[in-house]
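Here is the structure we will look at.
The values are calculated or read from the model by the stated rules, or taken from the named source; none is laboratory data. This one's a predicted model, so the numbers in the text were calculated from it and none came from an experiment. All Cβ positions, glycine included, derive from the backbone under ideal geometry; neighbour counts span all protein chains shown.
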Amino acid sequence: MSNLVSYGRERTIGVITVDNPPLNALSVGVRQGLLDGLAQGLRDAGAKALVIMGAGRTFSAGADIREFDRPLAPPDLNDVIGRIEASPKLVVAALHGTALGGGLEVALGCHYRCALRSTRVGFPEVTLGLVPGAGGTQRLPRLVGAELALRIITSGEPMPAERAHSLGRIDELIDGDLRAGAVAFAERLVAEGRPLRRLSAIDDKLEAARRDPGIFDRFRQEIERPARGYLAPFKCIEAVRAAVTLPFAEGLRRERELFLECLASPQARAQIHAFFAEREATKIPDVPRDTPARPIGTAAVIGAGTMGGGIAMTFANAGIPVAVVEASREALDRGLAVVRKNYAATVEKGRLAPAEMEQRLALIRGTLAWEVVADADIVVEAVFEEMAVKQEVFGRLDRLCKPTAILATNTSTLDVDRIAQATARPGQVIGTHFFSPANVMRLLELVRGARTATETIATAAALAGRLGKVWVLSGNCDGFIGNRMLAGYFREAAFLVEEGATPEQVDRVLYDFGFAMGPFAVSDLAGLDVGWRIRRGKAAARPTDLRYSPVADWLCERGRFGQKTGAGWYRYEPGSRTPRPDPEVAALIAESARAQGIRRREVGDEEVLTRCLYPLVNEGARLLADGIALRPGDIDVVYLHGYGFPRYRGGPMYWADTLGLKRVSDEIARYHRVHGRLWEPAPLLRQLAEQGRGFRDLGRA
Ligand SMILES: NC(=O)c1ccc[n+]([C@@H]2O[C@H](COP(=O)([O-])OP(=O)(O)OC[C@H]3O[C@@H](n4cnc5c(N)ncnc54)[C@H](O)[C@@H]3O)[C@@H](O)[C@H]2O)c1
């Protein structure tokens, strides 16, 4: 028998235990081991029923994703589950930790399921661009009905055991020792003479959908917008429909076809890449996992503006008490009112209980008295984006905070090292670059200064995890990873409209690519005045020999700051967020083109796409060469979580690899010839292209 699965007996119950740390992935050895364990249990005359459980911290997190690269080795998980279900002895799945994907499919193949209350169950396949492939889409609808199954399978979200229990997915909740509880549960089922519940043979729960086949089209329409561009959610619908319309065995075959179709799709490859990139990003070569992290019990945020308020909410949402320090009573009151309003809106949508809102608000303490920072284990500064102001704040924090406290800055453009110089503890200074709205956006760029200590990084990383953020470590440079790359994106968008494209065309092309919004719609949403202020601050340093589009500045000079003023790159009807083309903007664009001597022409969609996106790739290559980003995957994670890059395309660097770097590099070289220095090809990109390699090959010989 495989050493990944063992068999033992407890009184009259045979216990099959999967032990494949860390997550009990259902690798080929585990699949064979389950078959062997089952056979042994069936031979064991003293065993009246069987329990399948996992050793260690979890039942099973599902398939071994790494095996997806190769043809799947026998035994097939479907066959294993079929044999479990066909067992003449009653089989109980005993769940703890997580039962995800294939793990949950094994559990659905068992006749009954019990679980510790802390267990979470779900089908994350859709987030990897896949359909559950071992009967999940056929058995779950037979257990909970088609409609609920659709929701569960297309959401990919794990569900807490108690809720799963209330929906009938789990038959029994267990407190205390799982093995003892599961054995007792199995004994009780035997004593009560309960039948072998084989889900493949039960279909009363499918009746509702059989009577009303329209539910599939309705559901498709419901997810059309949120799942726009994705393949897998729609394949999941097809698979569940097969459960309703076909006999079990045929449905299973259909599910397998859909699974393989998804697995072979570029989307699944991209989403699996994203999955691994997120894990990889948390590995920092000189900050090993056992680097001591300081405990964070309380926090403080300086500034209650747009970002400070959101950051305070993030702490409160994680149960961490946070003091918010402001310069004036008025700013404080305004900031806290926004926080309250944001929570109230969440309550109104039914996503937060009123009592929870009050609990969270109680964790946020606004004050004008700086002394409160003395208690904080970490302080996050989110004041105006001005070096002198930041340095003054950090000098003050250094004097007031306890010696162990970490001092973090939310600056988006300033030099973290210069901010750190205002303190006597540069090792404890780090950039924590949140994205707006900070309580919603999952990305956190941690910015490492020249003297940031590894312990500071480990502490900020651990905190990021508690705050529910996806974090990426960036070196210290203007714009860090995300915004430094983005500069070229907005620059080219503005140039393209001067050359003859329209804002609507540019936005449509990027929307169709998979972004939630194009660059002009985003600018109008974020407010054009922010960038205008930054550009005015840097105007003196702007090279005069480089092309510069003044249109955004002209819009601001006319008070067109975007949605908030009813006009920006577009105009907005009162109370509406729908962008409408505006002849006034078209005239400004034409005037700018005339002044620069640009002959306007028809600009093709393909050019719009490459002009906007290749600068990301080119600058990304520079970030890698400079060591600002540790890995191409880190850049992808930044773009997936901070900028709405479509996950099914894997991120800008992965996407470039799928196009082939030769093609990207040649096109950049061509733009360089046409448009000059702003398109200077990154040496690393050119080198990889010449060698026929991709970003994915970096770090490999
Ligand atoms: N807005 C964004 O999208 C965004 C995104 C990422 C990072 N950032 C960065 O976050 C920081 C804050 O940006 P914001 O958009 O929240 O600005 P904001 O103008 O909305 O808020 C700044 C707040 O800081 C307060 N403040 C100023 N000086 C202070 C002082 N000495 N002591 C205490 N409070 C003081 C102000 O009263 C104001 O309420 C900036 O460094 C900015 O670059 C902003």
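Taken over segment 362-390, the criterion of being away from the ligand (no atom under 11 Å from the Cβ) and surrounded by fewer than 16 Cβ atoms within 10 Å (Cβ to Cβ) is satisfied by A362, A369, E371, A374, D375.
What are the pairs, 6+ residues apart or on separate chains, where a residue within segment 149-169 that is aromatic (F, W, Y) has its Cβ under 9 Å from a residue that is surrounded by fewer than 24 Cβ atoms within 10 Å (Cβ to Cβ)? Taking only residues 6 or more apart or on different chains, not a single pair turns up.
What about I296, is it surrounded by fewer than 22 Cβ atoms within 10 Å (Cβ to Cβ) and either closer than 21 Å to F394 by Cα or more than 8 Å from the ligand (Cβ to nearest atom) (or both)? Talk me through it step by step, then tell me what you get.
Details: surrounded by fewer than 22 Cβ atoms within 10 Å (Cβ to Cβ): yes; either closer than 21 Å to F394 by Cα or more than 8 Å from the ligand (Cβ to nearest atom) (or both): yes.
When the stated conditions are applied, I296 passes them.
Taking only pairs six or more apart or across chains, which ones have beta-carbon atoms under 8 Å, a first residue in segment 332-354 that is more than 14 Å from R365 (Cα to Cα) and among the β-branched types (V, I, T), and a second residue that is more than 16 Å from the ligand (Cβ to nearest atom) and in a loop (DSSP other than H, G, I, E, B)? Listed by first residue and then by second, the contacts come to T346/L352; V347/A353. Which residues, counting only those in segment 427-452, are assigned to a helix (DSSP H, G or I) and either out of contact with any strand residue (DSSP E or B) (no Cβ under 8 Å at 6 or more places or on another chain) or surrounded by fewer than 23 Cβ atoms within 10 Å (Cβ to Cβ) (or both)? Correct list: G427 only. For segment 218-273, residues that are free of Cβ contacts under 8 Å to residues at least 12 places away in the same chain and either aromatic (F, W, Y) or in contact with a helix residue (DSSP H, G or I) (Cβ under 7 Å, 6 or more places away or on another chain) (or both) total 1. For E455, the requirement of being within 30 Å of R360 (Cα to Cα), assigned to a helix (DSSP H, G or I) and over 25 Å from the mean Cα position of the chain (by Cα) is met.
Taking R484, is it touching a helix residue (DSSP H, G or I) at 6+ places or on another chain (Cβ under 9 Å), in a helix (DSSP H, G or I) and within 10 Å of the ligand (Cβ to nearest atom)? Give the derivation first.
On the way: touching a helix residue (DSSP H, G or I) at 6+ places or on another chain (Cβ under 9 Å): yes; in a helix (DSSP H, G or I): yes; within 10 Å of the ligand (Cβ to nearest atom): no.
Spelling it out, it is not the case that R484 is touching a helix residue (DSSP H, G or I) at 6+ places or on another chain (Cβ under 9 Å), in a helix (DSSP H, G or I) and within 10 Å of the ligand (Cβ to nearest atom).
Does segment 470-480 contain at least one residue that is within 14 Å of the ligand (Cβ to nearest atom) and at pLDDT 95 or above? Yes, segment 470-480 contains a residue that is within 14 Å of the ligand (Cβ to nearest atom) and at pLDDT 95 or above. Test E667 against the criterion of being modelled with pLDDT of 95 or more, closer than 26 Å to G229 by Cβ and either in contact with a Cys (Cβ under 7 Å, 6 or more places away or on another chain) or buried (at least 21 other Cβ atoms within 10 Å of the Cβ) (or both), and give yes or no. No. If the condition is being surrounded by fewer than 15 Cβ atoms within 10 Å (Cβ to Cβ) and not in a loop (DSSP other than H, G, I, E, B), then segment 690-701 contributes E690, D697. Of the residues G133, G176, G102, G109, the single one that is at positive phi and either in contact with a His (Cβ under 9 Å, 6 or more places away or on another chain) or not aromatic (F, W, Y) (or both) is G176. In segment 510-555, how many are closer than 23 Å to Q596 by Cβ, part of a helix (DSSP H, G or I) and more than 16 Å from the ligand (Cβ to nearest atom)? So the count comes out to 9.
Looking only at segment 143-160, residues that are surrounded by fewer than 24 Cβ atoms within 10 Å (Cβ to Cβ) and not acidic (D, E) come to 10 in all.
The set of residues from segment 458-481 being in contact with an Asp or Glu (Cβ under 8 Å, 6 or more places away or on another chain) and either assigned to a strand (DSSP E or B) or buried (at least 22 other Cβ atoms within 10 Å of the Cβ) (or both) comprises V470, W471, V472, L473, S474, G475, F480, I481. L361: farther than 19 Å from A299 by Cβ and in contact with a Lys or Arg (Cβ under 9 Å, 6 or more places away or on another chain), yes or no? The answer is no for L361. Modelled with pLDDT of 95 or more, polar (S, T, N, Q) and closer than 30 Å to A331 by Cα, is that true of T298? When the stated conditions are applied, T298 passes them. The combined condition, being in a loop (DSSP other than H, G, I, E, B) and of a type outside the set (S, T, Y), is fulfilled by L72. Residue count for segment 309-355 under the criterion of being closer than 28 Å to A462 by Cβ, surrounded by 14 or more Cβ atoms within 10 Å (Cβ to Cβ) and away from the ligand (no atom under 16 Å from the Cβ): the result is 8. Restricting the first member to segment 389-418 and to residues that are over 25 Å from L443 (Cβ atoms) and among the polar types (S, T, N, Q), and the second to residues that are outside any helix (DSSP H, G or I) and away from the ligand (no atom under 11 Å from the Cβ), the beta-carbon pairs closer than 7 Å and six or more apart or on different chains are Q391/A422; T404/R294.
Look at R279 and say whether it is within 16 Å of the ligand (Cβ to nearest atom) and out of contact with any helix residue (DSSP H, G or I) (no Cβ under 8 Å at 6 or more places or on another chain). Quick ask: steps written out before the conclusion?
Numbers: within 16 Å of the ligand (Cβ to nearest atom): no; out of contact with any helix residue (DSSP H, G or I) (no Cβ under 8 Å at 6 or more places or on another chain): yes.
So R279 fails the test.
For segment 391-402, a residue qualifies if it is outside any helix (DSSP H, G or I) and within 10 Å of the ligand (Cβ to nearest atom), but none of them does. Of everything in segment 650-689, what is in a helix (DSSP H, G or I), over 30 Å from S265 (Cβ atoms) and touching a residue at least 40 places away in the same chain (Cβ under 8 Å)? Give them in sequence order. Residues satisfying the conditions are Y671, H675, R677, L678, W679, P683.
Of the helices (runs of 4 or more DSSP H) lying entirely inside segment 131-199, those containing at least 1 residues that are under 30 Å from L260 (Cβ atoms) span 136-144, 146-155, 161-166.
Residues of segment 520-548 being among the basic types (K, R) and in contact (Cβ under 8 Å) with a residue 24 or more places away in the chain, which ones?
Residue satisfying the conditions is R547 alone.
The residue of segment 403-430 that is farthest from the ligand (Cβ to nearest atom), among those that are over 22 Å from A316 (Cβ atoms) and of a type in the set (G, A, S), is G427.
On the stretch given as segment 299-308, residues that are within 7 Å of the ligand (Cβ to nearest atom), under 22 Å from E371 (Cβ atoms) and either among the hydrophobic types (A, V, I, L, M, F, W, C) or touching a Lys or Arg at 6+ places or on another chain (Cβ under 8 Å) (or both) total 2.
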